[in-house]
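Heads up: the structure comes next, in structure tokens.
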Amino acid sequence: MIFSKAGFGGAVADFEAAAVAQDAKRSGKAFVRLQETFGQAKEADLLDGGPRLAAVLEQVPPGPRAVVAVLVGACVERGADAERCAPGVRAGLRVALEAAAAFAGAWAATGGGAFPVPDDGEPGEEIVERTGFHAAVGWWTLPQWEMAAVALLNHRAVRAGAGGERDELLRLLTAVEQASGRQFRSLGHALRVLDDEPLVALHRTSGTGYALRFFGIGDNFQLHTLLADALIGGGHVEGHAPSPHEVAVCRETPGQVDTVGSFDLTAPDGGRLWNEGAPADIPVVDGVRLLVLDEPSYRRSWPAGRFFPGMRGDVILERALEPEETERWFAHVSPAKELTG
């Protein structure tokens, strides 16, 4: 009799073989073992197991496929090669989003009402009868796909490798969110993270301008602190400079620490850009994102840190703009609009 190798490594090998052979009984047993043994897995088994599981995701039935994708993401968080794991998870996410969009359409066509909240089990018979099994599973497993995808999108190389496909995934996600009224904020922000992105920041009070570049920024809270460090901490403009600790947790140091706002972030048309948003919200003017930094209209504090704790980010000041350049950029700028309400 041939005995399977013990532990997570053995479970991966059994699950991989069963998935390829489409052996449902063996696959089911190995699926249980994957979950039971992951917590005690050795590093070598995690590094090896993540890419192997990702490679067979397409051959796994839709329900357990999402759980396996979460395990792949967990392997990546513990050191497995994110680039090797990414294609399988990205393909699975797309299928789940397409199915969730179909669920939204079927739900509306069969009477609508509040969307059901996925639980740890499977969708019930009444839901499946209304929307179809595949669509129901897509909606039911979308939170798990969010977890798996974000774990991989923490890596800059994975974001770069996704290319324009991120736009299509974001389009599908937006359609699902609008139809369901439910936000998948982590996935939405992760799909919109920009890397090696040029930015022109205009400091209205001093009339100066700066060319910067940023990467790996999850939200505008993080961007705000890093901009304040580059410009105020760097001695270029006056204002409240964040402490070294506040800056460090916004780059790659774990944790959070309280900070205070240094600016109002303003769009070229004078509208407010909120810290809760993302750098992708900054309008593009003449091919470059253009941001106006106004004096803070009120004191605002928050915990400085990273929206994605596993994602390294930074803002790099490339140079101060010449007065003539600054004047040309300011020609695109309107006065800040008064907040109402």
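Conditions: (1) closer than 23 Å to L170 by Cα; (2) without any contact (Cβ under 8 Å) to a residue 60 or more places away in the chain; (3) not in a helix (DSSP H, G or I). F115 meets all but one. Number of the miss?
F115 satisfies all of (1) closer than 23 Å to L170 by Cα; (2) without any contact (Cβ under 8 Å) to a residue 60 or more places away in the chain; (3) not in a helix (DSSP H, G or I) except (2).
So which residues in the stretch 277-300 are of a type in the set (D, E, K, R), surrounded by 15 or more Cβ atoms within 10 Å (Cβ to Cβ) and touching a strand residue (DSSP E or B) at 6+ places or on another chain (Cβ under 7 Å)? Give the steps one after another, and end with the answer.
Here is the first cut: in the stretch 277-300, the residues of a type in the set (D, E, K, R) are 281, 286, 289, 294-295, 299-300.
Next cut, surrounded by 15 or more Cβ atoms within 10 Å (Cβ to Cβ) only: 281, 289, 294.
R289, D294 - these are the residues of the stretch 277-300 that are of a type in the set (D, E, K, R), surrounded by 15 or more Cβ atoms within 10 Å (Cβ to Cβ) and touching a strand residue (DSSP E or B) at 6+ places or on another chain (Cβ under 7 Å).
Do we find that S180 is in contact with an Asp or Glu (Cβ under 8 Å, 6 or more places away or on another chain), within 28 Å of R159 (Cα to Cα) and of a type in the set (G, A, S) in this structure?
Spelling it out, it is not the case that S180 is in contact with an Asp or Glu (Cβ under 8 Å, 6 or more places away or on another chain), within 28 Å of R159 (Cα to Cα) and of a type in the set (G, A, S).
Considering A157, A151, A201, A162, which residue is hydrophobic (A, V, I, L, M, F, W, C) and under 27 Å from G121 (Cβ atoms)? Spell out how you get there, then give the answer.
On the way: A157 fails: under 27 Å from G121 (Cβ atoms); A201 fails: under 27 Å from G121 (Cβ atoms); A162 fails: under 27 Å from G121 (Cβ atoms).
Checking each option against the conditions leaves just A151.
Of the conditions (1) crowded, with 23+ Cβ neighbours inside 10 Å; (2) closer than 28 Å to V176 by Cβ; (3) among the aromatic types (F, W, Y), W107 satisfies every one except a single condition; which number is it?
Of the numbered conditions (1) crowded, with 23+ Cβ neighbours inside 10 Å; (2) closer than 28 Å to V176 by Cβ; (3) among the aromatic types (F, W, Y), the odd one out for W107 is (1).
Taking the residues in the stretch 20-46 that are within 15 Å of R65 (Cα to Cα), under 29 Å from the mean Cα position of the chain (by Cα) and not β-branched (V, I, T) as candidates, determine which candidate is surrounded by the fewest Cβ atoms within 10 Å (Cβ to Cβ).
Filtering the stretch 20-46 for residues that are within 15 Å of R65 (Cα to Cα), under 29 Å from the mean Cα position of the chain (by Cα) and not β-branched (V, I, T), the one surrounded by the fewest Cβ atoms within 10 Å (Cβ to Cβ) comes out as Q35.
Take the residues of the stretch 301-341 that are among the hydroxyl-bearing types (S, T, Y) and either in a strand (DSSP E or B) or open to solvent by 70 Å² or more (accessible area, probe 1.4 Å) (or both): which is nearest to A74 (Cα to Cα)? Write out each step before concluding.
First pass over the stretch 301-341, keeping only residues among the hydroxyl-bearing types (S, T, Y): 301, 326, 334, 340.
Retained after the next criterion (residues that are either in a strand (DSSP E or B) or open to solvent by 70 Å² or more (accessible area, probe 1.4 Å) (or both)): 301, 340.
Numbers: S301: 33, T340: 45 Å.
My answer is S301.
Within the stretch 230-255, track down each residue that is open to solvent by less than 40 Å² (accessible area, probe 1.4 Å) and assigned to a helix (DSSP H, G or I).
Result: A230, L231, I232, E246, V247, A248, V249, C250.
Considering the stretch 164-204 alone, what residues qualify as being open to solvent by 40 Å² or more (accessible area, probe 1.4 Å), of a type in the set (G, A, S) and either closer than 28 Å to T326 by Cβ or not in a helix (DSSP H, G or I) (or both)?
Selection gives G164, G181.
Filter the stretch 200-214 down to the residues that are over 28 Å from the mean Cα position of the chain (by Cα) and among the hydroxyl-bearing types (S, T, Y) and list them by number. Spell out the reasoning first.
Of all residues in the stretch 200-214, those over 28 Å from the mean Cα position of the chain (by Cα) come to 203-209.
Of everything in the stretch 200-214, those that are over 28 Å from the mean Cα position of the chain (by Cα) and among the hydroxyl-bearing types (S, T, Y) turn out to be T205, S206, T208.
Just wondering, is there one or more residues in the stretch 256-264 that are in contact (Cβ under 8 Å) with a residue 60 or more places away in the chain, assigned to a loop (DSSP other than H, G, I, E, B) and surrounded by fewer than 17 Cβ atoms within 10 Å (Cβ to Cβ)? Break it down into steps so the answer makes sense when it comes.
Let us first name the residues in the stretch 256-264 that are in contact (Cβ under 8 Å) with a residue 60 or more places away in the chain, namely 264.
If we keep only those that are assigned to a loop (DSSP other than H, G, I, E, B) as well, we get none.
There is no residue in the stretch 256-264 that is in contact (Cβ under 8 Å) with a residue 60 or more places away in the chain, assigned to a loop (DSSP other than H, G, I, E, B) and surrounded by fewer than 17 Cβ atoms within 10 Å (Cβ to Cβ).
In the stretch 47-95, how many are part of a loop (DSSP other than H, G, I, E, B) and open to solvent by less than 40 Å² (accessible area, probe 1.4 Å)?
Quick first cut of the stretch 47-95, residues part of a loop (DSSP other than H, G, I, E, B) only: 56, 60-61, 78-81.
Now drop any that are not open to solvent by less than 40 Å² (accessible area, probe 1.4 Å), which leaves 56, 60, 80.
Counting residues in the stretch 47-95 that are part of a loop (DSSP other than H, G, I, E, B) and open to solvent by less than 40 Å² (accessible area, probe 1.4 Å) gives 3.
The values are calculated or read from the model by the stated rules, or taken from the named source; none is laboratory data. Quantities reported herein were computed from a predicted structural model and do not represent experimental measurements. Note that each Cβ is placed from the backbone with ideal geometry, even for glycine, and that neighbours are counted across all protein chains shown. To get the accessible areas, we keep the full protein, side chains included, count just its heavy atoms, and leave off ligands, DNA and RNA. Shrake-Rupley method; radii C 1.70, N 1.55, O 1.52, S 1.80 Å.
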